[in-house]
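The values are calculated or read from the model by the stated rules, or taken from the named source; none is laboratory data. Everything numeric here is computed off the predicted structure, so don't read it as measured data. Note: ideal-geometry Cβ built from the backbone for every residue, glycine included; neighbour counts use all protein chains shown. All accessible areas refer to the heavy atoms of the entire protein, side chains included, with ligands and DNA or RNA removed. Shrake-Rupley method; radii C 1.70, N 1.55, O 1.52, S 1.80 Å.
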Amino acid sequence: MAEFCTACPRACGVRRDVGELGVCKSPASLRVGRAALHMWEEPCISGSRGSGTVFFSGCNLGCVYCQNKDISRGASGKEITIDRLAEIFGELQLKGAENINLVTPTHYVYSIAEAIVKAKKRGLKIPVVYNCGGYESVKALKYLDGLIDIYLTDFKYADPQIALRYSGAEDYPEIAKKALLEMVRQCPQPLFDKRGIMTKGVIVRHLLLPNRFEDAKKIVRYLYDTYQNKIYLSLMNQYTPVGEMKEYPELRRPVHRYEYDRLVDFAVNIGVEQGFIQEEGTVAESFIPVFDGEGV
């Protein structure tokens, strides 16, 4: 039977089952670049033992500034079965992972759901984190209801024209708002264990881009006014210029410290109390993992 892909809001309609590739550049079969303990997420996600992070190849956004282009453009990764993915979840749990962290999972959402069900039947007990770019189909998210414990999502843009320029998705703000509403419906209250590790909830990330301070303020204001203490906000300063960026001169530099401090101050001044901020020193390519097939 034909499978015309509508897994994400792009709704490309391609036949991935016969090798056609859409925006995400991904086949129908699962492709994974790395599955290992990862220490560089928010403290309540990584904890002291590391987050059991599974990096999926491909991406439905294709942001021009992506620091993980080797994997997000679908050029790297190993194809595996749903059954193997379920095994990987169990292996990460045995290694002491605080959680299973699904990075860029959007285009594999239905296969991942099947793998989670299999893994839970085999004894998976740690929380499952859905780590995405925010450009999600509400229909697909509803399919995950009851399987995901933590949504770790981006909210990249408030301005449709900025979203169009950097991610080719003019409808990103509208889509991200609807998706976040569904995430919070599923996980309406942040919960933590006695060690401070999140077991349930929603964390919304915003990566501050150079020369986009006003857009960032709009995002922070919207998130706080809409959700207040139902979510945690993670403000990120780790933007790393990748390549020459000839067509995007405004993105050729890192974010200045004073720009980031202004955004943090703005968040605090409007009342944000539940959040995470980054220290200096995060702008470095050494923070980009090597997608060498470890754990796959």
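Among the residues making up region 197-212, none is closer than 14 Å to Ala267 by Cβ and surrounded by fewer than 16 Cβ atoms within 10 Å (Cβ to Cβ). What's the total number of residues in region 82-106 that are open to solvent by 10 Å² or more (accessible area, probe 1.4 Å) and under 22 Å from Thr6 (Cα atoms)? Number of matching residues: 3. The numbered conditions (1) open to solvent by 40 Å² or more (accessible area, probe 1.4 Å); (2) more than 22 Å from the chain's Cα centre (by Cα) are all true for Ile270 except (1).
For region 110-135, a residue qualifies if it is part of a loop (DSSP other than H, G, I, E, B) and open to solvent by 10 Å² or more (accessible area, probe 1.4 Å), and the qualifying residues are Arg122, Gly123, Leu124, Lys125, Ile126, Pro127, Gly133.
So for region 151-172 (the condition being in a loop (DSSP other than H, G, I, E, B), of a type in the set (A, V, I, L, M), buried (at least 21 other Cβ atoms within 10 Å of the Cβ) and within 14 Å of the chain's Cα centre (by Cα)), does at least one residue qualify? No: region 151-172 contains no residue that is in a loop (DSSP other than H, G, I, E, B), of a type in the set (A, V, I, L, M), buried (at least 21 other Cβ atoms within 10 Å of the Cβ) and within 14 Å of the chain's Cα centre (by Cα). With respect to Ser51, determine if the residue is polar (S, T, N, Q), in contact (Cβ under 8 Å) with a residue 40 or more places away in the chain and buried (at least 19 other Cβ atoms within 10 Å of the Cβ). The answer is yes for Ser51. Residue count for region 249-263 satisfying the condition of being within 22 Å of Trp40 (Cα to Cα) and free of Cβ contacts under 8 Å to residues at least 40 places away in the same chain: 2.
Quick one: His107 ticks every box in (1) more than 20 Å from Leu37 (Cβ to Cβ); (2) in contact with an Asp or Glu (Cβ under 9 Å, 6 or more places away or on another chain); (3) outside any loop (DSSP other than H, G, I, E, B); (4) not basic (Lys, Arg) bar one, so which box is it? Every listed condition holds for His107 apart from (2). For region 220-248, which residues satisfy the criterion of being part of a loop (DSSP other than H, G, I, E, B), without any contact (Cβ under 8 Å) to a residue 60 or more places away in the chain and closer than 16 Å to Asp154 by Cα? Those that are part of a loop (DSSP other than H, G, I, E, B), without any contact (Cβ under 8 Å) to a residue 60 or more places away in the chain and closer than 16 Å to Asp154 by Cα: Ile231, Asn237, Gln238. Among the residues making up region 225-252, those that are within 20 Å of the chain's Cα centre (by Cα) and aromatic (Phe, Trp, Tyr) are Tyr227, Tyr232, Tyr239. Residue count for region 24-35 under the criterion of being surrounded by fewer than 20 Cβ atoms within 10 Å (Cβ to Cβ) and within 18 Å of Lys69 (Cβ to Cβ): the result is 1.
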